[in-house]
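The values are calculated or read from the model by the stated rules, or taken from the named source; none is laboratory data. The model shown is predicted, which means the values in this text are computed figures rather than measured ones. Quick reminder, even Gly has a Cβ in these numbers, built from the backbone with ideal geometry, and neighbours come from all protein chains shown. Ligands, DNA and RNA are stripped out before the accessible areas are found, and what is left, the full protein with its side chains, is counted by its heavy atoms. Shrake-Rupley method; radii C 1.70, N 1.55, O 1.52, S 1.80 Å.
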Amino acid sequence: MTPTITAFERSPDRGSGLARDMRVRWALEEVGQPYDVCLVSFEAMKEPAHLALHPFGQIPTYEEGDLVLFESGAIVLHIAERHAGLLPDDANARARAIMWMFAALNTMEPPVVDREIAVLLERDETWHEQRLSAVDERIRKRLGELSARLGDADWLDGAFSAGDLLMVAVLLRVKRSGILDEYPNLSSYVARGEARPAYQRAFAAQLAVFRRRASNRPTG
Ligand code: GTB
């Protein structure tokens with residue numbers, strides 16, 4: 001059965017692949033599972049039909065027959081458990097890959113999201129600069145720790161896994177701040193993720209949504 005995911009009809013990131021449908025698309029591409037996409041507007045996300053899928057009125061969601069999931073991490077884990085390619089067979093290695101998925105979402109992503117909030121929503125506050133530097137220090141602390149652990153390895157724990165997929169997806173959100181450049185091994189790690197053909201296909205698919213919308217926009 002072909003799953004259907006939801007994504008922004010008009011992504012505020014203008015197709016740069018930072019919205020969280022990207023990680024789900026990437027996981028589906030890695031395992032070779034075709035999927036349909038239902039595009040939703042900000043208004044539609046808060047209406048009953050979408051709230052029935054996602055209690056917080058967000059994207060992404062994932063529907064497959066009777067199964068409805070929200071939370072990008074849970075969706076990626078579901079895909080990784082149902083298909084070969086994103087989780088190792090060895091039980092201990094599998095547990096560690098899942099641990100890295102949690103690390104990406106629970107330890108790395110919160111300060112990254114705090115930075116986006118500071119930049120997008122708190123810019124006019126008197127305390128904005130202080131807040132931003134405090135958040136940046138938290139991000140640097142985590143990046144330094146992650147950089148030390150990764151060392152010169154290609155991936156976090158042996159072969160590429162769903163843990164790397166989510167970690168790269170989170171680190172990509174730091175890239176435009178310039179902070180990631182301070183950690184050359186993490187920059188290379190992210191570049192390795194972006195170079196994967198599955199990532200490229202997922203990126204192109206979400207960019208096509210933005211370009212289609214842009215070319216349909218009335219001019220003049
Ligand atoms: N924990 C949830 C998950 O992992 O699935 C978080 C889901 C989430 O935050 N979804 C966002 C959303 O639906 C889109 S991804 N927001 C609408 C709303 O809450 O009303 C977050 C996002 C948005 C925009 C950018 N950007 O422009 O760069 C990046 C990421």
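Can you work out D for the chain in µm² s⁻¹ from Stokes-Einstein, where Rh is the Kirkwood radius over C-alpha pairs, the temperature is 4 °C and the viscosity is 1.567 mPa s?
71 µm²/s
Where Rh denotes the Kirkwood radius from the mean inverse Cα pair distance, what is Rg over Rh for segment 91-196?
1.01
Over the chain, average the accessible area per residue using a 1.4 Å probe and give it in Å², no decimals.
52 Å²
Output the peptides 54-67, 30-43 sorted from most to least packed, where packing is the average of other Cβ atoms within 10 Å over each peptide's residues.
Result, highest mean first: 54-67, 30-43.
Quick one: length gained pulling Glu194 to Arg211 fully straight, 0.36 nm per residue minus the C-alpha distance?
Stretched out fully, the Glu194 to Arg211 stretch lengthens by 4.1 nm.
Roughly to the nearest percent, how much of the accessible area of segment 1-135 is carbon and sulfur, given a 1.4 Å probe?
After summing per-atom areas, the C and S share lands at 54 percent.
Among bridges DSSP assigns within the chain, what percent are antiparallel (round to 5)?
Beta bridges within the chain, antiparallel portion: roughly 55 percent.
Go through 22-28, 137-143 and give me the packing order, highest mean Cβ count within 10 Å leading.
Descending mean neighbour count gives 22-28, 137-143.
Using 13 Å as the cut-off for backbone N distance, which residues of segment 8-38 belong to the label zone defined by a point 7 Å from the Cα of Val119 along Cα→Cβ?
The answer is 13-14, 16-19.
Please state, as a whole number in µm²/s, the translational diffusion coefficient that the Stokes-Einstein equation yields for segment 6-53 at 4 °C and 1.567 mPa s, with Rh defined as the Kirkwood radius across alpha carbon pairs.
Using the Kirkwood radius from Cα pairs, D works out to 110 µm²/s.
For Cα pairs less than 8 Å apart in space and 6+ apart in sequence, what is the mean separation divided by the residue count of the chain, i.e. the relative contact order in percent?
27 percent
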